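For reference, the structure is listed below as structure tokens.
Any read-out appearing in this document is the output of simple, stated calculations on the displayed coordinates, not a laboratory observation. Note that the structure is a prediction, hence the values are computed from the model and not measured. Here Cβ is always computed from backbone atoms with ideal geometry, including for glycine, and neighbour counts include all displayed protein chains.
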Amino acid sequence: MSASDTHRTIEAVFRIEAPKLIAGLARVTRDVGRAEELAQDALVAALQQWPGEGVPRNPGAWLMQAARHRALDGLRRDKMLKRKHEEIGRDLDEEADPIVEIEEALDDEVGDDLLRLIFTACHPVLAVEARLALTLRLIGGLTTEEIARAFLVPEPTMAQRLVRAKKALAEAKVPYEVPHGPELAERLGSVLEVVYLIFNEGYSATAGEDWVRPGLCQEAMRLGRILAGLAPQEPEVHGLVALMELQASRLRARIGQDGQPVLLLDQNRALWDHLLINHGLKALETARALAPSPGSYVLQAELAACHARARRAEDTDWARIAALYGALGALTPSPVIELNRAVAVAMAEGPAAGLVLVDALASAPALKNYHLLPSVRADLLGKLGRHGEAQAEFIRAAGMTRNQREQALLLARAEKAGVAGKGESIGPKSGSHFSGESDA
């Protein structure tokens with residue numbers, strides 16, 4: 001394996017293993033910033049040793065061992081070991097070896113470190129934006145650049161936000177634990193939002209060569225199910241679980257044999273995971289029974305259920321979907337939700353009706369750099385026979401996304417629009433890029 005191939009392997013492994021490393025280290029250091037530094041130290045060690053020695057058989061274990069050694073060194077150097085010994089001294093034999101205690105703590109699998117890490121990152125001492133960004137960084141393993149794109153802010157701004165967030169947690173001495181009682185209810189909403197953001201990054205990656213990252217989806221669903229066990233009477237928890245499971249049921253059908261994205265209305269529905277669909281619909285039933293009036297996640301799960309129940313694309317109840325987006329927009333106003341509603345209206349009433357709504361969103365600041373706005377507009381223009389304008393919009397959308405698979409798809413559609421504009425009939429797509437992969 002060449003040095004460049006080894007470096008790519010290291011980066012891929014670290015992206016997968018970093019959240020586990022940080023979570024395990026944070027339980028001992030009680031400092032998420034320090035835990036992330038230790039994980040980065042392990043990455044540096046891998047970059048130095050693996051190109052010469054080869055990638056180890058169990059790279060995750062190797063990284064944890066490297067991080068563990070650095071954690072112990074840091075505890076000794078910073079006298080953290082002494083403080084740790086004093087904390088546990090009341091319950092331990094005076095002859096106990098403190099080094100062993102720390103090592104055992106690092107190896108301890110009791111509890112759910114990732115869940116503790118999420119609640120720590122979502123502590124009220126942080127602003128909402130900081131909670132989301134920090135959890136995406138620590139749990140989702142996203143780069144600062146990817147998080148900045150998700151929040152539509154410059155990368156330096158996001159970098160400073162992350163630094164301030166970790167510093168604030170350290171200064172406030174936030175306990176590394178899952179809250180209980182009233183505090184759990186207060187912090188649950190933020191945690192749900194973060195879990196869904198992690199899921200979305202797995203379902204439709206913001207950057208890189210992969211269209212989907214199933215590992216992130218699986219982690220988000222696992223965390224959602226744990227939350228449902230912690231708060232079984234919270235309808236929004238069950239709504240989020242339902243939403244993620246219904247969406248995840250389509251993962252296998254979202255990628256073609258050539259690795260290219262397959263849009264929702266073009267998918268082979270026989271590839272959908274019907275076990276996940278059944279689980280999702282059951283969770284939705286639980287949420288409905290608990291909620292006299294549906295919240296945001298329950299409404300989004302209802303939207304996903306509309307697609308899940310349609311055996312064929314043409315059986316989709318677009319009028320109901322448009323109405324559900326209307327209800328969702330009234331509950332949580334957002335131009336992105338309105339863009340979704342515009343697509344549903346276009347499918348139910350025709351592309352002209354949808355284009356009117358899309359054009360009304362053109363000046364929304366939050367959509368200025370949102371590539372799905374010109375993508376949706378291009379699709380509707382193409383259906384109206386305005387192929388030259390559609391081609392220009394597809395090209396504009398392709399220039400706004402960092403995901404290589406998505407960019408290739410948009411450029412291919414731009415090319416087809418150009419051919420259609422020259423008089424060759426290629427047939428309309430069954431649905432826009434956005435309608436195929438919206439929140440629902």
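Listed values, structure above:
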item: Sum of side-chain charges, residue 201 neighbourhood, beta-carbon under 9 Å (Lys, Arg +1; Asp, Glu -1); result: 0
item: Difference of contour (0.36 nm per residue) and Cα-Cα distance, residue 282 to residue 40; result: 83.0 nm
item: Spin-label model distance (nm) - residue 415 vs residue 366, 7 Å beyond Cα toward Cβ; result: 3.6 nm
item: Length released on extending from residue 129 to residue 323, taking residue separation times 0.36 nm less the Cα-Cα span; result: 66.9 nm
item: For 380, 264, order by how many other beta-carbon atoms lie within 10 Å, fewest first; result: 264, 380
item: Distance in nm between pseudo-label sites at residue 352 and residue 407 (7 Å out along the Cβ direction from Cα); result: 3.8 nm
item: Inter-site label distance for residue 311 and residue 9 at 7 Å from Cα along Cβ, in nm; result: 4.8 nm
item: Estimated FRET transfer efficiency (residue 48, residue 16; beta-carbon r; R0 25 Å; 0.05); result: 0.80
